[in-house]
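The values are calculated or read from the model by the stated rules, or taken from the named source; none is laboratory data. Owing to the predicted nature of the structure, the values given are computational and were not obtained by experimental measurement. Quick reminder, even Gly has a Cβ in these numbers, built from the backbone with ideal geometry, and neighbours come from all protein chains shown.
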Amino acid sequence: MSLTSYLAGYLDRRMGSIIDEWQLSTRSDLSDLTARFHRVQYELAGLKNFERETESRIASMEERVSKIREKMS
C-alpha cells in the first residue's frame with residue numbers, strides 16, 4: 001500500500017468529520033444557501049411593496065388629522 005492510497009483511504013473514511021471539524025461547506029450547503037437567498041430576495045420585494053403602501057396610508061391619515069385639527073381650532 002502506498003502512502004497516496006493510504007491518505008486517500010483515510011480522507012474518505014474521515015471526510016464527514018473533517019468537514020464538521022473545519023466547518024467546511026459542501027455543494028449541498030451552497031445550493032441550499034442559494035435557494036434561501038432567492039427566497040429572501042422574493043420576500044424582500046413584497047416587503048418593499050408593503051412599505052410603500054403603508055407610507056402612503058400614513059401620509060393620508062396624517063393629512064386627515066391635520067384637517068380635523070384645523071376645523072377644531
Contacts under 7 angstrom Cβ, first residue in the range 12-23 being of a type in the set (Val, Ile, Thr), partner part of a helix (DSSP H, G or I), 6 or more apart: none
Cross-chain or 6+ apart pairs with Cβ under 6 Å, the range 48-73 first and modelled with pLDDT of 95 or more, then exposed (fewer than 10 other Cβ atoms within 10 Å of the Cβ): none
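Inspect all residues belonging to the range 42-52 and state whether any of them is within 11 Å of the chain's Cα centre (by Cα), under 30 Å from MET15 (Cβ atoms) and among the charged types (D, E, K, R). Step through it out loud before you land on a result.
As a first pass, look at the range 42-52 and keep what is within 11 Å of the chain's Cα centre (by Cα): 42-44.
The next check asks that each one be under 30 Å from MET15 (Cβ atoms); those that pass are none.
Checked against the condition, which is being within 11 Å of the chain's Cα centre (by Cα), under 30 Å from MET15 (Cβ atoms) and among the charged types (D, E, K, R), the range 42-52 yields no hits at all.
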